Structures are given as C-alpha cells and as structure tokens.
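First the structure, in the form of structure tokens, and then the observations on it.
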Amino acid sequence: MNEYKGMFVSGGWEPTGGPTIEVRSPATGELIGSVSEALAADVATAVAAARDALEHGPWASFDAQQRAAALERLADALEARKTALADVISAEVGSPRGWATFGQVFTALGAVRSQVKTMRDFAFEEERPSVTGGRVRVRKVPVGVVGAIVPWNAPLFTAMLKIAPALAAGCTVVLKTSPEAPLGVSMLAEAVEEAGIPAGVVNIVSGGVATGEALVASSGVDKISFTGSTAAGKRIGAVCATDLRRCTLELGGKSAAIVLDDVEVNDALISGLVTGVMANNGQICAAQTRILLPDNRHDEILERVAAEVAAMRVGDPADRNTDVGPVINERARDRIRVAIDTAVTAGATRVVGGETAVPDTGSYVAPTVLSDVDNSMSIAQDELFGPVAVVLRHHGDDDAVRIANDSPYGLAGAVWSADPDRAARVAARLCTGSVAINSSAPMDLGNPFGGFKQSGIGREGGPEGLDAYLEAQSIIL
C-alpha cells in the first residue's frame, strides 16, 4: 500500500478538504494505494504557494546554472528510486514490469537530463543590433506559475516533460496527477525534497476533472501544460483563450507506420511494427496503431506480424515475462472490445485476438490484429488506446501518404524502407509532429515533440520545449 494523505505544498504534505481516492490494480482490482482529492480551495492554496515561491522565494534569485544543478540533483534522486518507481507505476497503470523501468522511469530521467543539456547552451539573454543603429537586449524570462496536468498512461514521464523545462526556465509548478495513477507522481515529492528544490517551486495535487478545472480556471496560473485527450484539450484551450493565458496541449493520436515496398522483411521490422502498437499495452499516445503495408508485400508481412502478436504473453504486469498487461480499467476494456466487434461487423478480419486467452479477473484485452480495414472505419480513425493493430493496404508511396494523412490527428509515425533517403522523403510529406525512420521510437528527448491538427498545440522537448515556458522581453538600449 502506498498512501499519500493530503497534497504536497510549500515543501510538505498538508491536508486537503476532499475525500480519499482509492487506487486499484487494473490486473486484479485490489486496492494498492490512496491519495487525497484536492478541492478548489486546496488548488488555490497550491497556486498561492507557487506564486509566493516565484516572486519572493530563493528560486527567484537562482541563475540558469543553479537551476541546472537543481535539476541534475532531481534526476539523481529519481534514479535512486528507479526500482520503487517502476514497481509502483507498473502496479497502478498495468505496464509490464519488464518494460516499466525503461518506458516509465528512464524516459522520465531522460526528459530531465536532456533539458539540463539544452539549457546549458540556451541563450537566456543576448544583445542584437537594432535597425536604428543601436543595440537591443533580448531577455528570456519565465512565463510564471505553471499548471501541469498529466495523464495516467505514463504519469512520471509526462510530469517530467513539463516540470523539467518549467524549472529550467525559472517557473514554479502546480502538478495535478491523474486519479487513476497518482502514486508514482506523488512519490516524486520525496525526490523534490532530496534535491533541495526550494519550497513551493514544485507542488503536487491529486484529483479528477473538478480538480483540473479549478487549476485551469485559476487566475494565478500563467500557463497550462496538458497531456491527455483531444476533447479535454479543446476545453482547456477555450478556457485559456478567454484571458489569453498560455497553453501547451499534447493530445491524441492515431499514428501510421508506413512500410514501403522495398523493405527487407526481417525480425527488426516485425518487432518494430509490433512494439509500435503494443508497448505499454497499446496505451501510448504516439502508438503507431495503423500499419500500412504495400499491396505486393501485404500477406507475407501480415503473417509475420500476426505470428508475433499471437505469441505475446498476456498476464500479471508484475511478472517480468509478461508482454501485455491489462488496460487501465474495466470501462476501457469494454470500450475497446466493443470497438473491435464493431470493426469486424463493418468488414474487418480478426487475424489475431479472439483465440488469445486472458486472465479471468482484471481489465485485459487480448492483443489483436485486424486486417481488411478501410481507413474510413472508426477503428482506423479513433484513438483506441489498447493493444489493437489495424492493418491497411497501400498501393505505393503516394497512396501511403494519402492514407496516413487522412486522419484528424498528426502526432507521430514511422516509415520503413531499405532506402533511408526514400523513407525520409516520404516522412517529410506526412502531416505529423515526428516521424521515425526504420524505428518505432516516437520521439527523441532532446528534440521537439508534439502534434499537428487535433494532436495538439506547442512542443515538448529540446530548445522548443524550454522556450514554451519563457516570454521574450526586448530592452532597446
């Protein structure tokens, strides 16, 4: 049991006015921990603490090198807890334990350390020539108090994608956890204290929609950074627009993995295609769930993909031999199963999935491969967030680009080819924020990540991610 009573504010745990939120294992339904819900008044307290730390605390006098040192200490404190963090996040999310250390914790460490590297070379202040013949001093100053809202699927990683650049910029943060997976992020408080980050710089509250709405609506918050559904992101963007507060929105996706007709069909290709869909039980926003196969190679690649998926081990996420664990809860399980059945009724073929045994208890969905899918089907257009691969045919590069871009989303993707230059040319035609060549890796932590179209606004990672927490000020000398 991991119990966190209250909220982490001003460097310590304070009681909240809300009830206890129980956290249950998606694998068994058993109670594994609890947190306290923060009400609107509690959120106001946390925001006030962040404002005070921004304007009056020692953090306000830290220069860039001091902030970088604080972030390095934070990364070290997290790394010292890597096993405990991976255990807790695996238990609350259902991530296979063999994947959780890298996919949940090391990615979070990478987000912090890459931001430190970025800020050491970042021009927080520079002088430029004026068009009138003088000089202009351009300063990059912190945007202010940041409200960061993270999802349940990769809670620590997405938290650090926001906290690291915010602190690098000199901002302070109020972080809201997801009620489905608050335990690992609450553990972050221990690392914040150990790193010696001043009180009030990082504050953590837990709760559901009402807690998030209170944070978004707070006039004391200068910027909202949100990762989650497109529907929620639209509502947040509308609230921020009313008084022109800044926001970064990293939203949904239905990414495509394009296989070109010259590809070498080998283990790397098949493993990459399957991993791109099934990692974290398919619960990754950048999952490449649409696999686009060339007409003349379709059957041989589909056969190999189906065989690998059929061989995946489904079960207890704590077992390091498990490949696919449960989805987050029974509502998600039922929604995904209905979507699969609807697709089959509409003409899709269930190549793998129906015969795969899953545990009797828990929120399990059998890893599934669907073929004979038309891109107009809802299964190819809607973000499913589960272990379901949708296979479509294409008739050449132009057709593949057309199908991949025929989506309301544009977050990530991949192109597989024996010719990396050809693959890069195809990648450049995709309306999506990042594209991997001959890899399923959806992002590079030292470079920008974010979406086109309904996949969001703004970027996280790299200098672009840091710049999102800064305002430019020109002093004309």
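The values are calculated or read from the model by the stated rules, or taken from the named source; none is laboratory data. Bear in mind the structure is a predicted one, so any value in this text is a computation, not a measurement. Quick reminder, even Gly has a Cβ in these numbers, built from the backbone with ideal geometry, and neighbours come from all protein chains shown.
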Can you pull out the residues in segment 198-251 that are aliphatic (A, V, I, L, M), assigned to a loop (DSSP other than H, G, I, E, B) and within 17 Å of Ile163 (Cα to Cα)? Ala199, Val201, Val221
If you go through Val265, Val324, the only one that is surrounded by fewer than 21 Cβ atoms within 10 Å (Cβ to Cβ), touching a helix residue (DSSP H, G or I) at 6+ places or on another chain (Cβ under 9 Å) and at pLDDT 95 or above is Val265
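Condition check ((1) out of contact with any Pro (no Cβ under 9 Å at 6 or more places or on another chain); (2) buried (at least 16 other Cβ atoms within 10 Å of the Cβ); (3) more than 21 Å from Asp382 (Cβ to Cβ); (4) assigned by TED's automatic domain parsing to the domain that holds Val116) across all residues:
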position	(1), (2), (3), (4)
Ala412	no, yes, no, no
Val415	yes, yes, yes, no
Pro420	yes, no, yes, no
Ala424	yes, no, yes, no
Ala427	yes, yes, yes, no
Thr432	yes, yes, no, no
Asn438	no, yes, yes, no
Glu460	no, yes, yes, yes
Glu471	no, no, yes, yes
Would you mind stating whether Phe385 is surrounded by 21 or more Cβ atoms within 10 Å (Cβ to Cβ), modelled with pLDDT of 95 or more and on the phi > 0 side of the Ramachandran plot? yes
Take the conditions more than 18 Å from Thr289 (Cβ to Cβ) and touching a residue at least 40 places away in the same chain (Cβ under 8 Å) and apply them to Leu477. Does it pass? yes
Would segment 364-377 turn up any residue that is in contact with a Lys or Arg (Cβ under 7 Å, 6 or more places away or on another chain) and farther than 30 Å from Ala27 by Cβ? no
Segment 68-137: helices (runs of 4 or more DSSP H) wholly inside it with 3 or more residues that are among the basic types (Lys, Arg) are 107-120
Is one or more of the residues making up segment 26-48 touching a Ser or Thr at 6+ places or on another chain (Cβ under 6 Å), charged (D, E, K, R) and surrounded by fewer than 16 Cβ atoms within 10 Å (Cβ to Cβ)? no
Inspect segment 99-114 for any residue being out of contact with any His (no Cβ under 8 Å at 6 or more places or on another chain), over 25 Å from Lys176 (Cβ atoms), surrounded by fewer than 23 Cβ atoms within 10 Å (Cβ to Cβ) and in contact (Cβ under 8 Å) with a residue 60 or more places away in the chain and give the result as yes or no. yes
Return yes or no: is Glu92 charged (D, E, K, R) and farther than 19 Å from Thr172 by Cβ? yes
Going by the structure shown, is Pro179 assigned to a loop (DSSP other than H, G, I, E, B) and either charged (D, E, K, R) or touching a residue at least 24 places away in the same chain (Cβ under 8 Å) (or both)? yes
Can you tell me which condition Lys82 does not meet? The list is (1) free of Cβ contacts under 8 Å to residues at least 60 places away in the same chain; (2) under 16 Å from Ile197 (Cβ atoms); (3) among the charged types (D, E, K, R), and all the others hold. (2)
Taking segment 19-41 as the search range and keeping residues that are assigned to a loop (DSSP other than H, G, I, E, B) and in contact with a helix residue (DSSP H, G or I) (Cβ under 7 Å, 6 or more places away or on another chain), which one is nearest to Gly207 (Cα to Cα)? Ala38
So which residues in segment 272-305 are over 22 Å from the mean Cα position of the chain (by Cα) and either buried (at least 20 other Cβ atoms within 10 Å of the Cβ) or not acidic (Asp, Glu) (or both)? Leu292, Leu293, Pro294, Asn296, Arg297, His298, Ile301, Leu302, Arg304, Val305
Residue hits (segment 26-68; closer than 19 Å to Trp13 by Cβ and hydroxyl-bearing (Ser, Thr, Tyr)) are Ser34, Ser36, Thr45
Residue by residue through segment 366-399, note down the ones that are hydrophobic (A, V, I, L, M, F, W, C), in contact (Cβ under 8 Å) with a residue 40 or more places away in the chain and in a loop (DSSP other than H, G, I, E, B). Ala366, Leu384, Phe385
Checking Arg402 against (1) assigned to a helix (DSSP H, G or I); (2) crowded, with 20+ Cβ neighbours inside 10 Å, which test does it fail? (2)
How many of the residues in segment 411-448 are among the small types (Gly, Ala, Ser), in contact with a Leu (Cβ under 8 Å, 6 or more places away or on another chain) and in a strand (DSSP E or B)? 1
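Per-residue answers, yes or no, for (1) more than 30 Å from Gly386 (Cα to Cα); (2) at pLDDT below 95; (3) among the aliphatic types (A, V, I, L, M):
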| position | (1), (2), (3) |
| --- | --- |
| Trp152 | no, no, no |
| Asn203 | yes, no, no |
| Ala210 | no, no, yes |
| Asp222 | yes, no, no |
| Phe226 | no, no, no |
